[in-house]
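The next block holds one structure in the form of structure tokens; read it before the comments.
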Amino acid sequence: MMQEIRENVWFVEGKNRGKYPYSHSLYLTGENNVIIDTGAGSFFDKLSTATERVVLSHYHRDHVTYNYMFENAHFYMHREDAPGVESEDGFYRLSGLDQVEVETYWKMVKQQAFSATKIDWHLEEGLCLDTGEVNIKVLHLPGHTPGHCGFLVEECGLIFTTDIDLTRFGPWYGNPCSDLEQFRRSIERVRALKPEIVITGHRRPITKNIEQTIDRYKTVIDRRDEAIITALQKHPLTLEQLTDKNIFYPDHYNQAVLRFFEKNMMQKHLESLLKRGMAIKMENDFYEAL
Ligand SMILES: [Zn+2]
Ligand SMILES: [Zn+2]
């Protein structure tokens, strides 16, 4: 399904309303058309021949799924994420997923295996991509992944924030390459730009109560901090024991992949709590609240 948000700016709704492992795309038309992310669905066939440039927000598989349909296009991506689509080794290095049952992971994203995409140009902060009708400005918004980018269409106050996805789950930083503090700053940056429309990778376009929605999303990080501190106040715990509490994935089905993400996110909170003097790590690897 495609919806014209403003002239030449199209919201391409992902399959299953863009829920993981699908994602929404943004299609910008003019003399040369641009698509941002290809996770929406396999209905791209009509678009694909008319698209000169494919811009990828980050390396995650739910945003690059249908790259193969854009045979004649040039691919754009931030330098820090490019290895994650260019080679399988690069993908595993950034995601850390070679440390878990990879078959379960590929099943989860409904893909057979890794398929590579060659990146022709690197995105960077401030770069402008012009369709002839619409001007798109690249915002480097790291945290979710190191090269994660958002896209600003200034004429209509629209930001495509991709996986600063403003879902109820909250910010996701479950890869070894994710960075919690950068994520916080990127959320603040989007808010400070005072967008009139926010499109994300995984929910309906947002036009109302944008600031509250962003604040609520960011507060999830603080609530996770509090849940960890509360657990540690009862008694000291190790990283493994804290991971067992399923603070991030309450409906955890004890799946290796989700547990791996849970543990990575827990680790990032613990590092942040230590840095802020809210917890300490003892010699026996137990964490204690201060
Ligand atoms: Zn992602
Ligand atoms: Zn996503």
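Values quoted throughout were computed directly from the atomic coordinates according to the rules given, and no laboratory measurement underlies them. Please read all numbers here as calculations on a predicted model, not as lab measurements. Cβ sites come from the backbone with ideal geometry, for glycine too, and all protein chains shown count toward neighbours.
Pairs with C-alpha atoms separated by more than 26 Å, drawn from the list LYS208/LYS268; LYS19/LYS275; LYS46/LYS218; LYS46/LYS194; LYS19/LYS107, are LYS208/LYS268; LYS19/LYS275; LYS46/LYS218; LYS46/LYS194. Put in line by how crowded their Cβ is, counting other Cβ atoms within 10 Å and starting with the fewest, SER23, SER115, SER186, SER48 read SER115, SER48, SER186, SER23. Computed over neighbours whose Cβ is under 15 Å from that of ARG203, the net charge equals +2, Lys and Arg +1, Asp and Glu -1.
In a Gaussian network model over the chain where Cα atoms closer than 10 Å are linked, find which of HIS24, HIS58, HIS122 has the largest mean-square fluctuation. Answer for the Gaussian network model of the chain: HIS122. The H on the amide N of THR65, modeled in the peptide plane, is under 5 Å from the matching H of THR38, GLY39, each at least 5 residues off or on a different chain.
Highest mobility in the GNM of the chain, judged by mean-square fluctuation with C-alpha springs under 10 Å and restricted to LEU158, LEU129, LEU28, is found for LEU129. Distance from the Cα centroid of the range 1-76 to that of the range 189-229 is 23 Å (rounded to whole angstrom). The angle between the Cα long axis of helix 180-192 and the longest principal axis of the Cα atoms of the chain comes to about 50 degrees, rounded to the nearest 10. Here the gap between THR49 and ALA192, fully extended at 0.36 nm per residue and compared with their Cα-Cα distance, gives a gain of 47.8 nm. Taking the longest Cα principal axis of the chain as reference, the axis of helix 256-275 is set at about 70 degrees.
The stretch between GLN111 and THR230 holds 38.9 nm of extra length on full extension. This uses 0.36 nm per residue minus the Cα-Cα distance. Just so you know, the averaged projected area of the alpha carbon convex hull for the range 1-114 sits at 7.2 nm². In the chain, taking the dipole from charged Cβ atoms about the Cα centre, the farthest positive-side position among ALA192, ALA289, PRO176 is held by ALA289. DSSP beta bridges fully contained in the range 2-215 are about 60 percent antiparallel. Phi angles of the range 213-228 translate, via the Karplus equation with coefficients 6.51, -1.76, 1.60 and θ = phi - 60°, into HN-Hα couplings of 5, 5, 4, 4, 5, 5, 4, 4, 4, 5, 5, 5, 4, 4, 4, 5 Hz per residue; Gly and Pro are given as x.
Basic side chains Lys and Arg get +1 at the Cβ, acidic Asp and Glu get -1 at the Cβ, and with that the dipole of the chain about its Cα centre reaches some 920 debye. Charges were assigned to the Cβ only: +1 to each Lys and Arg, -1 to each Asp and Glu. The resulting dipole of the range 179-249 about its Cα centre is roughly 340 debye. Candidates GLY30, GLY84, THR243 compared by Cα position along the dipole of the chain: farthest toward the positive end lies THR243, with charges placed on Cβ.
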